[in-house]
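Worksheet for the structure shown next.
The values are calculated or read from the model by the stated rules, or taken from the named source; none is laboratory data. From a predicted model like this one, the values you see are computed outputs, not experimental measurements. Cβ placement follows ideal geometry from the backbone for every residue including glycine, while neighbour counts extend to all protein chains displayed.
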Amino acid sequence: MNVYDFDGTIYKDDSTRDFYYFLLKNYTRVIKYLPSFILDAIKYKLDVVTKTHMKETFYRFLNSFGDGEIETIVERFWDTHRKKIYDWYYKVKKLDDVIISASPRYILEPICKELNVHLICSEVDVRNGNYIGENCYGEEKVRRFYKEYPDGVIDEFYSDSKSDEPLAKISKTPHIVDKNGNIKDWKF
């Protein structure tokens, strides 16, 4: 099977950031959560809080929406952002592809269903922004891959980030994707 990171790999940017900008433009009430996120981002850089804690602070904007509202908004988001999926992905796509991402399920699930690809990702409670389990990042991606595919073999792996080196190391043929969508062999 082939495994892909999502943001910066098959999607030209960061889907979570793009989604937040989409919210700021269309639902300005989310801006009230920005100051606490900025404070926690600084604390994260100073190693005072964990990455997961910082991201939970960021996802607090979900408190601004009622039941089912965010799902509808995500669908509208993908109506305008699916064009950011690199064309090269459609050319290499296979039926057993897997996307493993740190981005939350509530953002990625609709587009992954459309692409007909299996998704392994961070689980975030859409009602309050709390993580359900660990952020799907680094070694956690490998752990989750083997949890879902105990005997899984990654033929080709694609990512834009060296933080995905743990997945690259367990892949037969790892690739790095640059910011322009160019694919190169992964160098360890």
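Things to note:
- Considered as a group, the residues in region 161-181 that are touching a residue at least 60 places away in the same chain (Cβ under 8 Å) and under 17 Å from Y90 (Cα atoms) include one that is surrounded by the most Cβ atoms within 10 Å (Cβ to Cβ), and that residue is V177.
For every residue, the table says whether it meets (1) of a type outside the set (S, T, N, Q); (2) in contact (Cβ under 8 Å) with a residue 60 or more places away in the chain; (3) in contact with a Ser or Thr (Cβ under 9 Å, 6 or more places away or on another chain); (4) farther than 25 Å from F61 by Cβ.
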| position | (1), (2), (3), (4) |
| --- | --- |
| H81 | yes, yes, yes, no |
| I85 | yes, yes, no, no |
| W88 | yes, yes, no, yes |
| D97 | yes, yes, no, yes |
| L115 | yes, no, no, yes |
| E134 | yes, yes, yes, no |
| F145 | yes, yes, no, yes |
| I183 | yes, yes, no, yes |
| F188 | yes, no, no, yes |
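- Across region 48-71, the number of residues qualifying as of a type in the set (G, A, S) and touching a residue at least 24 places away in the same chain (Cβ under 8 Å) comes to 1.
- Restricting R127, R144 to residues that are under 30 Å from H53 (Cβ atoms) and either at pLDDT below 95 or of a type in the set (S, T, N, Q) (or both) narrows the list to R127.
- Residue under evaluation F19, criteria (1) of a type in the set (A, V, I, L, M, F, W, C); (2) over 21 Å from I132 (Cβ atoms); (3) touching a His at 6+ places or on another chain (Cβ under 9 Å), criterion not met: (2)
- Here the helices (runs of 4 or more DSSP H) wholly within region 27-143 that include at least 2 residues being among the small types (G, A, S) are 34-45.
- Scanning region 1-29 for residues that are over 30 Å from I183 (Cα atoms) and either at pLDDT 95 or above or not β-branched (V, I, T) (or both) yields a total of 6.
- Selection of region 118-143 for residues being crowded, with 16+ Cβ neighbours inside 10 Å and more than 14 Å from the chain's Cα centre (by Cα) yields V126, G129, V142.
- Tally, over region 15-47, of residues that are closer than 30 Å to V153 by Cβ and without any contact (Cβ under 8 Å) to a residue 40 or more places away in the chain: 0
- Per this entry, K147 is not counted among residues that are among the basic types (K, R) and either under 30 Å from V30 (Cβ atoms) or not in a helix (DSSP H, G or I) (or both).
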